[in-house]
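Here it is: the structure, laid out below.
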2 protein chains.
Amino acid sequence: MATAPILIRSEGSTLRDRVVAEIIRLIESGAYQPGDRVPSVRKLSHDWGVSLTTVLEAYRALENQGWIEARPQSGFYVRVRLVKPVAEPAISRPPCEPHGVAVSDLISQMLQGVGDPEVVQLGAAVPNPELLPTRRLHQIMASIVRRQGSLVQRYDFPPGCRPLRVQIAQRLVASGCAITPEEIVTTVGCMEALHLALSATCRPGDTVAIESPIFYGVLQAIEHLGLRALEIPAHPRTGLSLEALRLALDEMPVHAVLTISNFNNPLGCTVPGVRKRDLVELLAAREIPLIEDDLYGNLHHGETRPHTCKAFDRHGLVLLCSSFSKELAPGHRVGWIAPGRFQRRVESIKIATTCATPALPQYALAEFLASGGYDHHLRRARRAYRQSLALMAQAVAEHFPEGTCVTQPEGGFVLWAEMPEGVDALALTRAAKCERISVAPGPLFSARGMYGNCVRLSAAEWSPRVERAVARLGELAHQH
Amino acid sequence: MATAPILIRSEGSTLRDRVVAEIIRLIESGAYQPGDRVPSVRKLSHDWGVSLTTVLEAYRALENQGWIEARPQSGFYVRVRLVKPVAEPAISRPPCEPHGVAVSDLISQMLQGVGDPEVVQLGAAVPNPELLPTRRLHQIMASIVRRQGSLVQRYDFPPGCRPLRVQIAQRLVASGCAITPEEIVTTVGCMEALHLALSATCRPGDTVAIESPIFYGVLQAIEHLGLRALEIPAHPRTGLSLEALRLALDEMPVHAVLTISNFNNPLGCTVPGVRKRDLVELLAAREIPLIEDDLYGNLHHGETRPHTCKAFDRHGLVLLCSSFSKELAPGHRVGWIAPGRFQRRVESIKIATTCATPALPQYALAEFLASGGYDHHLRRARRAYRQSLALMAQAVAEHFPEGTCVTQPEGGFVLWAEMPEGVDALALTRAAKCERISVAPGPLFSARGMYGNCVRLSAAEWSPRVERAVARLGELAHQH
């Protein structure tokens, strides 16, 4: 029994993973439609020359991910998608007035349960561990340690590990940028990059315009730095409203604008290319720095990677921030910033806050990126997240109260659900916590505690356990 | 030829290192006095049952470290110490008035050459790589990765790695403290700990009282946070002048006090135990937080570890900061803070700035600390630093202009040299840079750019190359 050629062409994945990937490819191509029976375990084992166990494991994985379902005494079938249409939320409508921020306590509460295996984690946006190349990174790390033991014996002062900056510069071409390694500073995750960008462009009391809703970490950084947040409406497809932003800029001083431009957290929206250019030009005309968070940019579900605003930056006014936490390894805490004309200030604040970025993880990621396994890895992650987001959106449509609207992100792995007026997301969050389900309540994502009827759900994983948790959340939402 | 029992009793060090350690023990005990001939290579090889190569390597190491010297056709001799008495600097006299800070540019200039193997590094206080347990840490890391690969797949949110906090709590007993693991938060090095402590206790515009001179990183953090520095006189033996501090507190609002209490950087001074208690009580009576940097506390040259101020803290007002950068691995960036009553605020600012501390280095250090090799390792480092500091002080006395005063630290590995009035340390630094010698000029250590005739020298390593650099610095100092 010879293994089929298709299954041995790709390095770095197990046979089981290859079987999973190929079956998904067949389903996506329409070769097997919803309701179709997929080949029996015995047949596929024979046809593709892999063991029964491998096929069975692959089918279990496909079942867990929601692609197929087992029917008793009959075999495995492509799962029928619910066709219940799901409405998208409308554009947000925050009042146009700067506001102080105080979200820290809510955030601390939410993060308490993270890491507890008993809790179904729909709260924090932690990537699916099965989609991280952990083993390969460990091999690389072990090898670096043998070859270059002295790396950890010194401080890797800003701008940080050059081989990593070289890789980042090369990768940035795909997002429309021509940024040299010298124009990049490595950081302790994207969060430090954002903190440095805000510190370098604003002083206490200044106003930062942000999309609303926005990732709570941004709000917390604004709170910590004593800044004020000006929430700008955001559309669930096209992001930041340029029209609203322009009006706001005409009316009040704004010292920086911060946008999560691609596959925004929590909305999933992406500012279209031409609007990115308009945004950059609008701000350049007023000499206002634009802080761009592109954390999810590589996790596009479609074929092409969207550009960044930085691609349109001619004046060094865009500070582009990102990290490898969502794609490779959250625990390594490796991020970066391309700070444009603020580079010197960013480096000096970096020295005054964390001094240097840990050396070993940077060198390990650099080697992983250079080794060429990255693109393959990303393709796999994108496919999985697209699927789990679709299944979670369907589950929300099925189980949440009538009238619930859900975003349809084209990248990343978070979902924003707007429940009918009157549903109390904070109460729902507390009730869910008692049942060991964590969610991120809407008010976390607003300086004013808006979005009291919304929740953000992380769709990083899909499994029968997650499906049950979403169903249970829906029941609880009916009660709150 | 059987190896002598004394040479095999200690785990984790090479035979060469054991020979070095035993010879140093004999010299320190007086068994071999300065000027005495130590056993010939051949004799020691026979007596202790080790190869000629090992003895020769050990003697070369001892020679590099300045313990012995080779005399042509005669053998190795215990090096004769110069007996030129070295005066200590007097207590510093900064004006009693808060001052803005702007040291970032100077610091960036100094850090440029760090890591360049062509440069003799007397500037940044980087520990001697040979005194770091790098290989052991790497073994542990490789083993953790095999056993607990999932560590890096998630965020290790504050307070951070519990096994490490357990070890820190146990170690803190030696500095007079009873702090539970729950009262500790891990950080990205001591620098982040200090930044968090300043952020948690002060708001922009507030005044922080500090010793003068003080580690430039503290000044840079104060600059970055928009605070004002009030420089308090410090004695080169007993540190912060309580008398001057008390006067200052009576005259103006001070929002926090920051002290490097043990083996201060750059002075090497240690606040005596009873004055630590007085300091803590003085501030407690006025509800002023005390930020204590104990980075060098474990590198005492004498037998006992000095207490921390935190040991006398009854009101949760002391924020104790430290790291493992000077003792174990600067590149891993693992530090910690015991923030007393400010813990919640510290954790929330930590989430808003770096979100989490990298996981793997924390777990590796925890395992190293638990494994028991730490004390042995520290003893070795202390011995080496005591020796290299003594030799550097002598070299300064020998080569620097008449009237130069030098500190006599009882721990750590930095030296502060006060040259005669008129010597321009900044010009000296520039001239030295041209000759590939880096030093830290005095004005880096003051908010007002005082200490224009002082330099800080890192004595982390001693070798003929370092000796030549110090001699050359002395020549340059005569010219500037």
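Find, to one decimal place in angstroms, the Kirkwood hydrodynamic radius of the protein assembly as shown, where the mean of 1/r is taken over every pair of different Cα atoms and then inverted.
30.1
If you stretched the chain out fully between residue A:130 and residue A:147, how much longer would it get, using 0.36 nm times the residue separation minus the C-alpha to C-alpha distance?
Details: separation 17, 0.36 × 17 = 6.12 nm, distance 2.84 nm.
So the chain would gain 3.3 nm between residue A:130 and residue A:147.
Could you calculate the FRET efficiency of residue A:29 with residue B:108 from 1/(1 + (r/R0)^6), where r is the beta carbon distance between them and R0 is 41 Å, rounded to 0.05?
Calculated transfer efficiency: 0.15.
In nm to one decimal, list the spacings between the residue A:475 label point and its equivalents in the other copies, with label points set 7 Å along Cα to Cβ, shortest first.
Label-point separations across copies, in nm and ascending: 8.5.
Okay, moving on. What are the distances, in nm and sorted shortest first, from the label point of residue A:379 to the label points of the same position in each other copy, with each label point placed 7 Å from Cα along the Cα-to-Cβ direction?
Result for residue A:379, in nm, nearest copy first: 5.8.
Cα to Cα, under 17 Å, and not fewer than 8 places away if on the same chain: which aspartates and glutamates meet these conditions relative to residue A:433?
Excluding near neighbours in sequence, the set is A:105, A:116, A:118, A:424, A:467, A:475.
Sorting B:53, B:429 on the 10 Å Cβ count, fewest up front, what's the list?
Values: B:53 11, B:429 25.
In increasing order of surrounding Cβ atoms, one gets B:53, B:429.
Can I ask one more? Lys/Arg Cβ at +1, Asp/Glu Cβ at -1, dipole of chain B taken about the Cα centre: which of B:359, B:110, B:244 is farthest positive-ward?
Of the options given, the answer is B:359.
Same structure, new question: Is segment B:26-65 best put as rounded, prolate or oblate by its Cα gyration tensor, with a ≥ b ≥ c the root eigenvalues, rounded for a/c under 1.5, and otherwise prolate when a/b is larger than b/c, oblate when not? All intermediate terms of the calculation are to be shown ahead of the outcome.
Values: a/c = 2.25, a/b = 1.44, b/c = 1.56.
Verdict is oblate for segment B:26-65.
For segment B:121-186 and segment B:338-378, what is the separation of their C-alpha centers, rounded to whole Å?
6
Sort A:376, B:332, A:195, B:224 so that the residue with the fewest other Cβ atoms within 10 Å of its own Cβ comes first and the one with the most comes last.
With the fewest neighbours first, A:376, B:332, A:195, B:224 line up as A:376, B:224, B:332, A:195.
Still on this structure: Rg to Rh for segment A:134-374: what is it, with Cα atoms only and Rh by Kirkwood? Don't jump to the answer; show the numbers that get you there.
On the way: Rg = 17.5 Å, Rh = 18.1 Å.
Result for segment A:134-374 is an Rg/Rh of 0.97.
Could you tell me which helices of chain A pass both thresholds, a Cα extent of 30 Å or more along their own axis and a mean Kyte-Doolittle hydropathy of at least 0.0, with helices taken as whole DSSP H runs? Intermediate values should be presented prior to the final figure.
Values: long enough: A:374-399 (37 Å, -0.82).
Membrane-span-like by this criterion, though nothing is claimed about a membrane: none.
While we're on this one: Give me the orientation-averaged projected area of the Cα convex hull of chain B, in nm², one decimal. Don't jump to the answer; show the numbers that get you there.
Details: hull surface 92.0 nm².
Taking the Cα atoms of chain B, their convex hull projects to 23.0 nm² on average.
Right, here's the next one. Return the distance in nm (one decimal) between the two label points of a simple spin-label model at residue B:80 and residue A:60, each offset 7 Å from Cα along Cα→Cβ.
8.0
Running Debye on segment A:230-269 with equal point scatterers at the Cα sites and no solvent, what base-10 log of I(q)/I(0) appears at q = 0.22 Å⁻¹?
Each listed q maps to, in turn, -0.69.
Now a separate question. Students often forget the sequence filter, so: which lysines lie under 20 Å Cα-Cα from residue A:310 once same-chain residues fewer than 8 apart are removed?
Hits, sequence-local ones excluded: A:276.
Now for a separate question. For every helix of n ≥ 4 consecutive DSSP H residues, a contribution of -39,500 (n - 2.57) applies; sum these over chain A, divide by its total residues, and give [θ] at 222 nm rounded to the nearest 500 deg cm²/dmol. Spell out each step's value before the answer.
Values: 15 runs with 190 residues, N = 480.
My calculation for chain A gives -12500 deg cm²/dmol from helical runs alone.
What FRET efficiency do you get for residue B:170 and residue A:162 if R0 is 60 Å and r is their Cβ-Cβ distance, rounded to the nearest 0.05? Could the numbers behind the result be given before it?
Values: r = 39 Å, r/R0 = 0.65.
Approximately 0.95, to the nearest 0.05.
Next up: Treating each Cα of segment A:225-368 as an identical point scatterer and ignoring solvent, apply the Debye formula and state log10 I(q)/I(0) at q = 0.16, 0.21 Å⁻¹.
-0.95, -1.41
Looking at chain A, send over the antiparallel percent of its DSSP beta bridges, to the nearest 5.
55
Another question, then. Can you compute the charge dipole magnitude of segment B:134-374 about its Cα centre, using +1 on each Lys and Arg Cβ and -1 on each Asp and Glu Cβ, nothing else charged? Give it in debye, rounded to the nearest 20.
Numbers: 25 positive and 22 negative charges, 178 e Å.
Its charge dipole is roughly 860 debye.
If you don't mind, another one. At a 10 Å Cβ-Cβ cut-off, how would you order B:367, A:130, fewest neighbours first?
Values: B:367 19, A:130 16.
So the residues, fewest neighbours to most, are A:130, B:367.
Using a simple charge model, +1 on the beta-carbon of Lys and Arg, -1 on the beta-carbon of Asp and Glu, nothing else, what dipole does chain A show about its Cα centre, in debye to the nearest 20?
Approximately 1340 debye in magnitude.
Then there's this: Dipole of segment B:74-216, Cα-centred, from +1 at each Lys and Arg C-beta and -1 at each Asp and Glu C-beta, to the nearest 20 debye?
Details: 13 positive and 12 negative charges, 164 e Å.
Here the size comes out at about 780 debye.
Is segment A:38-189 best put as rounded, prolate or oblate by its Cα gyration tensor, with a ≥ b ≥ c the root eigenvalues, rounded for a/c under 1.5, and otherwise prolate when a/b is larger than b/c, oblate when not?
On the way: a/c = 2.11, a/b = 1.29, b/c = 1.63.
Oblate shape, in that a/c is at least 1.5 and b/c is the bigger or equal ratio.
Note down the net charge around residue B:385, summing +1 for each Lys or Arg and -1 for each Asp or Glu among other residues with Cβ under 13 Å from its Cβ. Don't skip to the answer; put the middle values down first.
On the way: positive: B:326, B:379, B:380, B:382, B:383, B:386; negative: B:130, B:327, B:410, B:461.
Net charge around residue B:385: +2.
Reachable lysines from residue A:350, Cα under 20 Å, same-chain residues fewer than 8 places away excluded?
B:326, B:350
Just for the protein assembly as shown, what percent of DSSP beta bridges are antiparallel, to the closest 5? Working shown, then result.
Numbers: 50 of 88 bridges.
Of those bridges, close to 55 percent are antiparallel.
Something else now. Please report, in whole Å³, the volume per residue of the convex hull around the C-alpha atoms of segment A:380-480.
Numbers: hull volume 9.0 nm³, N = 101.
Taking only Cα atoms, segment A:380-480 has a hull volume of 90 Å³ per residue.
Can you compute log10 of I(q)/I(0) for segment B:292-396 with the Debye formula, treating each Cα as one identical point scatterer, at q = 0.13, 0.16 Å⁻¹?
Evaluating at q = 0.13, 0.16 Å⁻¹ gives log10 I(q)/I(0) of -0.63, -0.90.
What number comes out for the charge environment of residue B:174, summing +1 per Lys or Arg and -1 per Asp or Glu over other residues with Cβ under 14 Å away? Don't jump to the answer; show the numbers that get you there.
On the way: positive: B:171, B:305, B:310, B:379, B:382; negative: B:294, B:303, B:327, B:375.
Counting the neighbours of residue B:174, the net charge comes to +1.
In nm, what does the list of distances from residue B:274 to its counterparts in the other copies look like, shortest first, when each label sits 7 Å along Cα to Cβ?
8.1
Also: Using a simple spin-label model with points 7 Å from Cα along the Cα→Cβ vector, what separation in nm is obtained for residue B:468 and residue B:434?
Roughly 1.9 nm, to one decimal.
I'd like to know how segment B:53-134 sits against the 2.2 N^0.38 Å rule of thumb: what's its Cα Rg over that expected value?
Working: Rg = 20.5 Å, N = 82, 2.2 N^0.38 = 11.7 Å.
Relative to the 2.2 N^0.38 Å estimate, segment B:53-134 comes out at 1.75.
Cα gyration tensor of segment A:5-78, axes a ≥ b ≥ c as square roots of the eigenvalues: rounded (a/c below 1.5), prolate (a/b > b/c) or oblate? Present the calculation step by step, with values, prior to reporting the outcome.
Working: a/c = 1.69, a/b = 1.37, b/c = 1.23.
It is prolate, given that a/c is not under 1.5 and a/b is the larger ratio.
Something else about it: Identify, among A:21, A:55, A:78, the residue whose Cα sits farthest towards the positive end of the charge dipole of segment A:5-78, taking +1 on the Cβ of Lys and Arg and -1 on the Cβ of Asp and Glu, with the dipole about the Cα centre.
In segment A:5-78, that residue is A:55.
Here, each number is a calculation from the coordinates, and none is a lab measurement. Computed from a predicted model, the values in this text were never measured in an experiment. Note: ideal-geometry Cβ built from the backbone for every residue, glycine included; neighbour counts use all protein chains shown.
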